[in-house]
Each structure stands twice: as structure tokens, then as C-alpha cells.
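Below is one structure, written out as C-alpha cells; the observations come after it.
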Amino acid sequence: MKKEKVLQKSAKTVGTIRVGSCSRIPSVRESAKPGKISKEPLMFSASNHISRGIVAIKQGLPFSEAEIFKEKLMIGDDNLSVILGSSTVTVHRKRKKSVPLNACESDRLDRAERLFTYAVSVFGSEEKARSWLTRPQYGLDGHVPLNLLDTDLGVRKVEILIGRIDYGVLP
């Protein structure tokens, strides 16, 4: 009990927090004035961030997230509907009425966004990643990676191929 009070006092004065059994993690944030650092501890944990993401996906992401992804990839509604696993008519209706994506569509969009981010990190730019994702690939038996993002297995196959390219193990 006494140790907990000391840790709490330490967290307030030093600007650190204790997460589980991990050692103390510095958690200070810069204040508005340059050169000054706030001593407030940040009450943020990775588990809360993950939980918020899961809840957001289950509740349904706003359709604007799909629009942002569509613009990043420079694709049409037909490709977006394939990624979301919905019809083009449904995509148009959700856009027009600002209806959020359902849980399944949100999950598919999240997977596609993560895959695109991975591709950008491997290929070095959004342009190169976009180009690779929209062309038939030998390692996918001539399939276009973007057309495989509607299933979990398709996403995994594309992830594996990008990983092989990253490590230089080409098919």
C-alpha cells in the first residue's frame, strides 16, 4: 500500500506512469510554450487504444473514412464496393445519406487500410504502393491485389507477398 502511494506521488512529480508490471515509462508532453515540458502524466494505455478501435469498428466507422481511403488509393466506387463487400448501389446510398458502415464493412476497411500502410512502408511511397496494388501480380497467380481485399484470406495472401518482397524472398 505504501509503495503504491510513493509510485503515485512519483508519477505526479516526475511525469511518469506505471503500467502493469512494466518499469516506469516517461510520459510527458510538450506544453504550448517552446522549451517548457508539462509534468502531467498521460493516462493512456495501449489496451484502451485497442479497445476504442474495436468498439469503433463494431459500432461502424463513418462513411467519410471510406471516402478518405478511396481518395488515397485513387479508386472508383466499384473497387471500393469490392473492398467493403457491398454493392455499388449500397456505397452510393451510404454516401448520399451519410450512413455509417456496418461492422463487417468497417472491419474490411480497417484491414485494407492496414495493408495499404504496410505496402507504403515496403515500397517507399503511396504512389508505388498504389501502383503495385492495382496491377496483376505473379506471386498472386496473376490476380490484382486490390481485388483480393474482400476476404481475410485474400488480405493474408497479399500481406504475405508484400512481406516476401520486403525480405527479398521473391516468388
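All of the numbers you see were taken from the coordinates with simple rules; none came from a lab. The shown structure was predicted, so the numbers you read here are calculated from the model rather than taken from an experiment. Don't worry about glycine lacking a Cβ; one is built from the backbone with ideal geometry, like all the others, and counts go over all protein chains shown.
Sequence-distant or interchain residues sharing an amide H contact under 5 Å with His143, placed H: which?
Gln137
Once amide H atoms are built 1.01 Å from N in the peptide plane, which residues 5 or more positions from Leu61, or in another chain, come under 5 Å H to H?
Amide H neighbours of Leu61, under 5 Å, 5+ apart: Leu101, Ser106.
Answer with one residue from Leu101, Val158, Ser125: the one whose Cα lies farthest towards the positive end of the charge dipole of the range 61-166, charges on Cβ with Lys, Arg +1 and Asp, Glu -1.
So the residue we want is Leu101.
Could you compute the net charge surrounding Arg95? Neighbours are other residues with a C-beta less than 15 Å from the C-beta of Arg95; K and R count +1, D and E count -1.
Here the count lands on -1.
What are the ³J(HN,Hα) values, in whole Hz, obtained from phi via the Karplus relation 6.51 cos²θ - 1.76 cosθ + 1.60 with θ = phi - 60°, for each residue of the range 118-132 in sequence order, with x given for Gly and Pro?
5, 4, 4, 5, 7, 8, x, 7, 5, 4, 5, 5, 4, 4, 5
Is the C-alpha gyration tensor of the range 61-166 telling us rounded, prolate or oblate? Criteria: a/c under 1.5 is rounded; beyond that, a/b larger than b/c is prolate, otherwise oblate.
It comes out prolate by the Cα gyration axes.
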